[in-house]
């Protein structure tokens, strides 16, 4: 009962049975998430600050490390997964990612075409 | 949320409060998802305005990546320390939770102080929100994130009072869980900000 209460309190950790055991496993989870995040952040800043690769590759590294770090934080810090307790959180997040994609890609697409057709900068 | 097991649980009166807590956290999650759309519009505006300098100063002249790395470290560690506070909250350890939450609060204040210093530095260096479309979009995006952090810090202060008064009550655990989601979410948004605004800005 107590474990269940804890599960619902933060809406996660379906596999926890006792607060002590869950806490032990999760410290590892948070530390792992932190270490991977630090490494990914360091890589992104390193390639930009020391200009080690070409600009195009630098851009690719920034994007890949950013997406990877977001996924790492969603899994290790926000504990997103596909368990029955979390499935609606994950489903709504997937929906929002689609909306955000349409919003950002659509805006850039429309505005670049607008600029092109208005011959701004030509 | 609507599995058969959950529905059966709802029938049992003594489990009613548990479901209420879970629903509250899920509802807060939906709010966070809608907040993603707010930030998406700001990022889209920023992307469209990314070269509209109107002959004014450009981000390449101003951005200091070492400084941004400092801000990033503060926010990343605060996300981690909030996780630690959650673990102590689950163990019902008040001193542990308060200690980690205080560290989180201090890191959050540090981040906000750095951001305000940066805004002041930029404004006095010729990059105020009125300078160009680019800087309007920059301040709009980064300051909205900063306002969210400010909101999170105020919420944390309120939670200190709640925990001091009621201890580890169910309602307080739900509040803490919601703030935890909010705080981690702000760190995720910051990843997008430093990648898109600062790192791409100096390319």
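The values are calculated or read from the model by the stated rules, or taken from the named source; none is laboratory data. Model, not experiment: these values are computed from the prediction. For neighbour counting, all protein chains shown are included, and Cβ atoms are generated from backbone atoms with ideal geometry for every residue, glycine included.
Among the listed residues A:3, A:9, which satisfies the condition of being more than 9 Å from chain B (Cβ to nearest Cβ) and either modelled with pLDDT under 95 or closer than 30 Å to residue B:22 by Cβ (or both)?
Unique residue meeting the criteria: A:3.
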Legend entry - Hits in segment B:87-104 - residues which are crowded, with 24+ Cβ neighbours inside 10 Å and facing another protein chain (nearest Cβ under 7 Å): B:90
Inset, instruction - Looking for whichever is under 18 Å from the mean Cα position of the chain (by Cα) and within 30 Å of residue A:100 (Cα to Cα) here; the options are B:178, B:102. Which one fits? - result: B:178
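Residue-by-condition table, conditions (1) more than 7 Å from chain A (Cβ to nearest Cβ); (2) more than 18 Å from residue A:111 (Cβ to Cβ):
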{"residue": "B:28", "(1), (2)": "yes, yes"}
{"residue": "B:31", "(1), (2)": "yes, yes"}
{"residue": "B:40", "(1), (2)": "no, no"}
{"residue": "B:46", "(1), (2)": "yes, no"}
{"residue": "B:55", "(1), (2)": "yes, yes"}
{"residue": "B:58", "(1), (2)": "yes, yes"}
{"residue": "B:61", "(1), (2)": "yes, yes"}
{"residue": "B:64", "(1), (2)": "yes, yes"}
{"residue": "B:67", "(1), (2)": "yes, yes"}
Inset, instruction - Scan segment B:151-170 and give yes if some residue there is free of Cβ contacts under 8 Å to residues at least 40 places away in the same chain, buried (at least 16 other Cβ atoms within 10 Å of the Cβ) and under 26 Å from residue B:47 (Cβ atoms), otherwise no. - result: no
Legend entry - Residue list for segment B:123-139, restricted to those being out of contact with any helix residue (DSSP H, G or I) (no Cβ under 6 Å at 6 or more places or on another chain), assigned to a helix (DSSP H, G or I) and touching a residue at least 40 places away in the same chain (Cβ under 8 Å): B:133, B:134, B:135, B:136, B:138
Inset, instruction - Tell me, please, whether a residue that is touching a residue at least 40 places away in the same chain (Cβ under 8 Å), farther than 19 Å from residue B:193 by Cα, at the interface with chain B (Cβ under 7 Å from one of its Cβ atoms) and surrounded by 12 or more Cβ atoms within 10 Å (Cβ to Cβ) can be found in segment A:23-41. - result: yes
Inset, instruction - Test each condition in (1) closer than 30 Å to residue B:136 by Cβ; (2) modelled with pLDDT of 95 or more; (3) surrounded by fewer than 18 Cβ atoms within 10 Å (Cβ to Cβ); (4) over 16 Å from the mean Cα position of the chain (by Cα) for residue B:61 and report the one that comes out false. - result: (2)
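Per-residue answers, yes or no, for (1) facing chain A (nearest Cβ under 9 Å); (2) under 30 Å from residue B:65 (Cβ atoms); (3) part of a helix (DSSP H, G or I):
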{"residue": "B:149", "(1), (2), (3)": "no, yes, yes"}
{"residue": "B:161", "(1), (2), (3)": "no, no, yes"}
{"residue": "B:165", "(1), (2), (3)": "no, no, yes"}
{"residue": "B:173", "(1), (2), (3)": "yes, no, yes"}
{"residue": "B:181", "(1), (2), (3)": "yes, yes, yes"}
{"residue": "B:186", "(1), (2), (3)": "no, yes, yes"}
{"residue": "B:197", "(1), (2), (3)": "no, yes, yes"}
{"residue": "B:200", "(1), (2), (3)": "yes, yes, yes"}
Inset, instruction - Tell me, please, whether a residue that is in a loop (DSSP other than H, G, I, E, B), at the interface with chain B (Cβ under 7 Å from one of its Cβ atoms) and surrounded by 15 or more Cβ atoms within 10 Å (Cβ to Cβ) can be found in segment A:106-115. - result: no
Legend entry - Scan of segment A:62-86 for residues that are exposed (fewer than 15 other Cβ atoms within 10 Å of the Cβ) and either assigned to a helix (DSSP H, G or I) or modelled with pLDDT of 95 or more (or both), ordered by number: A:64, A:67, A:71
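Can you tell which of B:24, B:81 is modelled with pLDDT of 95 or more and under 26 Å from the mean Cα position of the chain (by Cα)?
On the way: B:24 fails: modelled with pLDDT of 95 or more.
From the options B:24, B:81, the qualifying one is B:81.
When you scan segment A:100-111, do you find a residue that is out of contact with any strand residue (DSSP E or B) (no Cβ under 7 Å at 6 or more places or on another chain) and under 30 Å from residue B:82 (Cα atoms), even just one?
Yes: one or more hits.
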